[in-house]
Amino acid sequence: MGRKKAPGDRHQDFGPTPKTQFGALGKQLASLAGLASIDRQSVQWHGKSFIQGGRKPVRDALYMPALVAIRWNPDLKAEYDQLRATGKPAKLVIVAIMRKLVEMANPLVKANRKWVPKIA
């Protein structure tokens, strides 16, 4: 169970034990966060991919860190610029960076380590 929320409490509830799921899951983690792309197409009809399902509060919590990472992390900024140069929409690229952040954080949580910036 989560903690009780006081009136005006802005902390989000991510559901039951998200940290234990964070380190334990591998590729399913993107689906848990709702960041895995889903293709809606058949033999006769080809639609666009979209994201759905998962935990919306986790997606909401990752949006702003993704924007900060695009601005300040040189590796993620290079990836953002590369995807934008190929003609991908900005929102799609932001979701890709959100997924990259989840993939980068998962081994750190699993090993109980903190992120250390790369020194140039």
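The values are calculated or read from the model by the stated rules, or taken from the named source; none is laboratory data. Note that the structure is a prediction, hence the values are computed from the model and not measured. Cβ placement follows ideal geometry from the backbone for every residue including glycine, while neighbour counts extend to all protein chains displayed. Please note that ligands, DNA and RNA were not included when accessible areas were found on the heavy atoms of the full protein model with its side chains. Shrake-Rupley method; radii C 1.70, N 1.55, O 1.52, S 1.80 Å.
See the values below:
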{"quantity": "Qualifying helices (runs of 4 or more DSSP H) (wholly inside segment 8-102; at least 1 residues being modelled with pLDDT of 90 or more and closer than 29 Å to residue 112 by Cβ)", "calculated": "56-72, 74-85"}
{"quantity": "Cβ pairs under 8 Å, 6+ apart, first in segment 101-113 and closer than 24 Å to residue 67 by Cβ, second at pLDDT below 85 and among the small types (Gly, Ala, Ser)", "calculated": "102/30; 102/33; 103/30; 106/23; 106/26; 109/23"}
{"quantity": "Output for segment 72-91, where each listed residue is charged (D, E, K, R) and exposed (fewer than 10 other Cβ atoms within 10 Å of the Cβ)", "calculated": "91"}
{"quantity": "Output for segment 100-120, where each listed residue is open to solvent by 80 Å² or more (accessible area, probe 1.4 Å) and either among the aliphatic types (A, V, I, L, M) or under 19 Å from residue 28 (Cα atoms) (or both)", "calculated": "103, 110, 116, 119, 120"}
{"quantity": "Hits in segment 53-62 - residues which are surrounded by fewer than 15 Cβ atoms within 10 Å (Cβ to Cβ) and touching a helix residue (DSSP H, G or I) at 6+ places or on another chain (Cβ under 8 Å)", "calculated": "53"}
